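The values are calculated or read from the model by the stated rules, or taken from the named source; none is laboratory data. These numbers were taken from a predicted model, which means no experiment stands behind them. Positions of Cβ are backbone-derived with ideal geometry, glycine not excepted, and every protein chain shown enters the neighbour counts. The protein model used for the area step is the full one, side chains on, heavy atoms only, and it has no ligands, DNA or RNA in it. Shrake-Rupley method; radii C 1.70, N 1.55, O 1.52, S 1.80 Å.
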Amino acid sequence: MADNMQLTIGHLYPDLLNLYGDRGNTITLQKRCAWRGITARVVSLGAGEDADFDDIDLFFMGGGQDFDQYTLMEDLGIGRAGSKASRLTAAIEADVPVLAICGGYQILGEYYVGHDGQRADFIGAIPVYTEAGEDRMIGNMVYEATALEGSPTVVGFENHAGRTRLREGAVPLGRVVKGFGNNGEDGTEGIRYRNVLATYSHGPLLPKNPAVADELIRLALQRRYPGAELPALDDALEWRAHDAMLKRLV
Ligand code: GLN
């Protein structure tokens, strides 16, 4: 077991970005670490809260309403040296793993145009941009996470007005099997950029998708402890929940 190894999860804006139980993702990461003897602590990085990002092994940012996304711009300090936005961008370029869901995904991108036509320049850490459409993309979703080893299927739930487009050459996290995905048109879902796994899938995502959870933990563990192995868990229950949704949807 990976005894006395420690990981720190930086939870960005847990108060503002937490739709559809997205907080369940940090709980899952902590549990899946604890079951292996790894201590994972969560540091809250809400508005007005900060930490040394060099101590953070994995960032998480959940989903939020357009309004919530705009209200945290000041705290992010986009374009300002030493701001959360610039340090998060540096962490991403240093291959720190990040899980970003829906609004959190959009905020990592270049910009967001709301359905009122208001454009907000976002962090620009990943090669995507988002423009809201009139009607919302809502429903259960299934996609093949082609950017992960073995292309595991992912089951989840999406609710977004934003249509996200990937820049030329960017690698989608997956291919839509059921649902809308990034924009309901090009069949892509999410993005994998370096060790950022970004997706529209709420749920929360990780409890029913153990392969995604373990990829994030493995990336964080091996970056902090080079060569560390991640022991397998008995995921029979998780896969039963996953497969029950898959059967219902596909
Ligand atoms: N406000 C964004 C949109 O509507 C993100 C929504 C979300 O996080 N579920 O596209």
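Here are a few things to note about the model shown:
- Restricting attention to segment 48-64, the residues that are open to solvent by 60 Å² or more (accessible area, probe 1.4 Å) and on the phi < 0 side of the Ramachandran plot total 5.
- Residue check for Arg41: more than 11 Å from the ligand (Cβ to nearest atom), in a strand (DSSP E or B) and not hydrophobic (A, V, I, L, M, F, W, C): yes
- Residues located in segment 94-109, provided they are farther than 12 Å from Asp66 by Cα and either within 13 Å of the ligand (Cβ to nearest atom) or in contact (Cβ under 8 Å) with a residue 40 or more places away in the chain (or both): Asp95, Val96, Pro97, Val98, Leu99, Ala100, Ile101, Tyr105, Leu108, Gly109
- Candidates are the residues of segment 154-170 that are of a type outside the set (A, V, I, L, M) and over 24 Å from Arg23 (Cβ atoms); the one that is least open to solvent (accessible area, probe 1.4 Å) is Arg163.
- Among the conditions (1) touching a Phe, Trp or Tyr at 6+ places or on another chain (Cβ under 9 Å); (2) open to solvent by 10 Å² or more (accessible area, probe 1.4 Å); (3) modelled with pLDDT of 95 or more; (4) not in a loop (DSSP other than H, G, I, E, B), Asp68 misses just one, which is (3).
- Checklist (1) assigned to a strand (DSSP E or B); (2) aromatic (Phe, Trp, Tyr); (3) open to solvent by 40 Å² or more (accessible area, probe 1.4 Å) applied to Tyr20, failing item: (1)
- Among the residues of segment 1-23, those that are within 16 Å of the ligand (Cβ to nearest atom) and modelled with pLDDT of 95 or more comprise His11, Leu12, Tyr13, Pro14.
- Matching option when the condition is within 12 Å of the ligand (Cβ to nearest atom), free of Cβ contacts under 8 Å to residues at least 40 places away in the same chain and at negative phi, among Phe122, Phe67: Phe67
- Some residue of segment 71-93 being touching a residue at least 40 places away in the same chain (Cβ under 8 Å), in contact with a Lys or Arg (Cβ under 7 Å, 6 or more places away or on another chain), within 16 Å of the ligand (Cβ to nearest atom) and part of a helix (DSSP H, G or I): yes
- Within segment 102-143, the set of residues being under 19 Å from His202 (Cβ atoms) and loosely packed, with under 15 Cβ neighbours inside 10 Å comprises Gly133, Asp135, Arg136, Ile138, Gly139.
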